[in-house]
Every structure is written in C-alpha cells, then in structure tokens.
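Enquirer: This is the structure I want to talk about, given as structure tokens.
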Amino acid sequence: MAKPESYGNDRVFAYLRLESAPDRAQDAAVEALEKAGQPVVHIAVQEPYAIGEEFFRWEIATAVAGSIIGINAFNQPDVEASKIETRKLTSEYEAKGKLPEEMPFFTGDGVKLYADARNTEALKNGKTLAEILKTHLSRAGAGDYFAVLGYITMNAENEAALQGIRHTVRDTKKLATVLGFGPRFLHSTGQAYKGGPNSGVFLQITTDDSIELPVPEQKYTFGVVKAAQARGDFAVLAERGRRALRVHLRKDVSAGLAKLQAAVKQALA
C-alpha cells in the first residue's frame, strides 16, 4: 500500500483483515488512509478458511458494480469481440503463413510503437519514447484509470518491472492503476476495459517470443496465437474509442522493460 498522498479522491478501500493473525503494519497503513479522509470498508475475516465467504461476497459485489457502470457481468460480449479479431488473424496466418503487416508510427529507444489511426494522430509528434509517453499519460484526467496490459512472460522479474511503471503513474498522477498479464486478464478485467465506461488509458506491452512452440495440427505457433490475441485485444480497444498505445519490445525483455520504466519516469518528471 502506498502513502495516503498517492491516492486521488475517487477511491474507496476495502480492508479484509484476518482476525486470527492481524497485520499491525497494515492496520497502521489503513488508519493513515482514514485519517487522510479516504473511505475504508472494514471486513473482518475470522480465519483463513472463511475466504470462501469472501469469494461469494465479491461475486455479488462485481455484479452490482457492473450493473451500475454498465458492464454485463453475466456475459462477455466484449471478450468475444476480441476472440473474433484473434480468429481473423490466426486464419490469415493459416492461409498465408504470416500475420498481416503492421507499420509502427515510432521506432527508437529499443522499441516500436503501434496504435490505430486516431491514437497515432494524438501521439505521433513525440520525438522520443519519453515524449510520446508524456503525451499519452497526459490524456488521463480526474476519474480516469491507467491500465498496464502485459503480453509478456508472467514471472517475478517482469511483474516487478510492470508494477514499477504502475506505481510511478499512481504516485505521480494520483490515478487508479491496474496491471494484468495477457491473455489471462481478457476473461476478467478485459470485459471492463472494453465494455465499461471510457475512462481507461491503456499501455499494452508485447514482445517476440524467444521460443516458438508449435500448435498441433496447425501452421501457427503458440507465439503467433499470443501475438494475435494481443493485436485482437488492441483492435477492439481502438474500435471502442479507447486511449491506447502498444509498446513492442525486442527479445531482451528485461532490457526493454528497464528502458520503458526509465522513459515513464522521465515522462512524468
């Protein structure tokens, strides 16, 4: 948890407190939030096995919140839209042996940047990665959120780097921030990103797979499927008019993420 000054005034906090083994440091951090005027909902969890009760509570809460902000929690039309775009791309690969060509609007600083025509028009005047990120992040205002969509290997090192980016944006701009690894997030928060209110600013991160594993009885590999899922996801975000930017890293993901972290810090300095 961050210090209270890292949060805007559009938040509500839920504190699930394990009564059988309370975390005193967490208690103090939550108390600091309340003293700063942030609303905190306290939920006492008596022992670890009571977590099932919380699953049930938050399933209901998700449905209620969805009904208020316009997300269908009992269907996934916007997830299906991404699947349709992905299938178009994998079908083209089956027919032609390659995915459709893409043209980055920026190449430099060890990355390639992609966006749809509308987002490209808004971002294309930046001369460096940091300048483009500054413009992109400046499009987020009060009540908006920032989402990091990582289509890269989910491991501790990569997660730490992406969390660093998320925390920099949160602490500097006071925005609500989220992080998900693709394609797994598509079936949870992905529905909110595309079907909910247009209040998200998205940074999608992709890379070329270093190891290609074949898909049985198909021409394409799992790397091609992942690339198609990322491109399909971005296409639907763009079609919904979302503020989105895709950063494509080289195969040295660690070096690419380090450059991206540094560029985000420079953009927000």
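The values are calculated or read from the model by the stated rules, or taken from the named source; none is laboratory data. This one's a predicted model, so the numbers in the text were calculated from it and none came from an experiment. Cβ placement follows ideal geometry from the backbone for every residue including glycine, while neighbour counts extend to all protein chains displayed. Surface areas here come from the heavy atoms of the whole protein model, side chains and all, with no ligands, DNA or RNA. Shrake-Rupley method; radii C 1.70, N 1.55, O 1.52, S 1.80 Å.
Enquirer: Given Leu203, Leu179, Leu175, Leu186, which one is touching a residue at least 60 places away in the same chain (Cβ under 8 Å) and either surrounded by fewer than 20 Cβ atoms within 10 Å (Cβ to Cβ) or closer than 22 Å to Lys112 by Cβ (or both)?
Expert: That would be Leu203, the only listed residue that is touching a residue at least 60 places away in the same chain (Cβ under 8 Å) and either surrounded by fewer than 20 Cβ atoms within 10 Å (Cβ to Cβ) or closer than 22 Å to Lys112 by Cβ (or both).
Enquirer: Turning to a different aspect of this structure: Which of the numbered conditions does Gly66 fail, given that it passes all the others? Conditions: (1) in a helix (DSSP H, G or I); (2) surrounded by fewer than 15 Cβ atoms within 10 Å (Cβ to Cβ).
Expert: (2)
Enquirer: Ok, one more. Exactly one of (1) surrounded by 14 or more Cβ atoms within 10 Å (Cβ to Cβ); (2) of a type outside the set (S, T, N, Q); (3) touching a helix residue (DSSP H, G or I) at 6+ places or on another chain (Cβ under 7 Å) is unmet by Ala2. Its number?
Expert: Condition not satisfied by Ala2: (1).
Enquirer: Look at Glu59 and say whether it is among the charged types (D, E, K, R), more than 22 Å from the chain's Cα centre (by Cα), at negative phi and in a helix (DSSP H, G or I).
Expert: Taking the combined requirement at face value, the residue does not satisfy it.
Enquirer: When the residues of segment 128-172 are filtered to those that are over 14 Å from Ser199 (Cβ atoms), assigned to a loop (DSSP other than H, G, I, E, B) and in contact (Cβ under 8 Å) with a residue 40 or more places away in the chain, which remaining residue is most open to solvent (accessible area, probe 1.4 Å)? Steps first, answer last, please.
Expert: Applying the first criterion (over 14 Å from Ser199 (Cβ atoms)) to segment 128-172 yields 128-138, 148-172.
Those left that are additionally assigned to a loop (DSSP other than H, G, I, E, B): 128, 152-155.
Now restrict to residues that are in contact (Cβ under 8 Å) with a residue 40 or more places away in the chain: 128, 152-153.
Details: Thr128: 50, Ile152: 7, Thr153: 84 Å².
Among those residues, the one meeting the criterion is Thr153.
Enquirer: Residue under question is Gln191, and the condition is that it be open to solvent by less than 40 Å² (accessible area, probe 1.4 Å), of a type outside the set (A, V, I, L, M) and at pLDDT below 95; does it hold?
Expert: Yes: the conditions hold for Gln191.
Enquirer: Checking the conditions here, which among Asn155, Asn119 is at pLDDT 95 or above, touching a His at 6+ places or on another chain (Cβ under 9 Å) and closer than 23 Å to Gln229 by Cβ?
Expert: Asn119
Enquirer: Which one of Glu80, Glu54 is assigned to a helix (DSSP H, G or I), of a type in the set (D, E, K, R) and more than 21 Å from Leu186 (Cβ to Cβ)?
Expert: Glu54
Enquirer: Still on this structure, I have one more. Among the residues of segment 96-103, is any in a loop (DSSP other than H, G, I, E, B), in contact with a helix residue (DSSP H, G or I) (Cβ under 7 Å, 6 or more places away or on another chain) and surrounded by fewer than 18 Cβ atoms within 10 Å (Cβ to Cβ)?
Expert: Kept after step one, since they are in a loop (DSSP other than H, G, I, E, B), are these residues of segment 96-103: 97-103.
After this cut, where a residue has to be in contact with a helix residue (DSSP H, G or I) (Cβ under 7 Å, 6 or more places away or on another chain) as well, the list is 99-100.
Pick out the ones that are also surrounded by fewer than 18 Cβ atoms within 10 Å (Cβ to Cβ) and you get 99-100.
Yes.
Enquirer: Enumerate the pairs (first residue in segment 233-254 and touching a residue at least 40 places away in the same chain (Cβ under 8 Å); second residue anywhere and aliphatic (A, V, I, L, M) and in a loop (DSSP other than H, G, I, E, B)) with beta-carbon separation below 9 Å, excluding pairs fewer than 6 apart on the same chain, so at least 6 apart or on different chains.
Expert: Going by the 9 Å Cβ cut-off, the qualifying pairs are Phe234/Ala115; Ala238/Ala115; Arg243/Ala140; Ala244/Ala115; Leu245/Ala115; Arg246/Ala115; Leu249/Ile152; Val253/Ile152.
Enquirer: In segment 219-269, what residues are in contact with a strand residue (DSSP E or B) (Cβ under 9 Å, 6 or more places away or on another chain) and β-branched (Val, Ile, Thr)?
Expert: Hits for segment 219-269 are Thr221, Val247, Val253, Val264.
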